[in-house]
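S.K.: I have a structure here, written as structure tokens, and I will follow up with some questions on it.
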Amino acid sequence: MKHIKPLFIAMVVIATVLSCKKTKETPAPVPTPTPETPAPVITSIFPDNGVWSTVVTISGSNFSTTLTNNTVLFNSRLPMC
């Protein structure tokens, strides 16, 4: 009988430890999707050729209303203003 009590206590402790589950981390909330902004569409470039310092007008739609958000490259380079 003396050996049964410690054995019973050990079994209860082991059962308690084994039954404890790790809590899962709460997943990050899924961000609400925002509608994609349509890509800019160029309808015309005038003039279609010129020398250095020729002013070029690019017309189209879906350009940003913030001027600095619109980037134009000529031969993979920013224009010289």
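None of the figures in this text is laboratory data; all of them are computed from the coordinates on show. These numbers come from a predicted model, not from an experiment.
S.K.: For the stretch 40-81, max minus min Cα coordinate along each principal axis, in Å, sorted largest first?
M.R.: Here the Cα extents, ordered largest to smallest, are 28, 19, 16 Å.
S.K.: Working out 0.36 nm times the residue gap between W52 and T32, then minus their Cα-Cα distance, what length gain in nm do you get to one decimal? Kindly include the intermediate steps, with their values, before the conclusion.
M.R.: Details: separation 20, 0.36 × 20 = 7.20 nm, distance 4.65 nm.
So the chain would gain 2.5 nm between W52 and T32.
S.K.: Continuing with the same structure: Please list 3J(HN,Hα) in residue order for the stretch 63-73, calculated via the Karplus relation 6.51 cos²θ - 1.76 cosθ + 1.60 where θ = phi - 60°; whole Hz, with x for glycine and proline.
M.R.: Couplings: 6, 5, 6, 8, 3, 5, 7, 9, 10, 10, 10 Hz.
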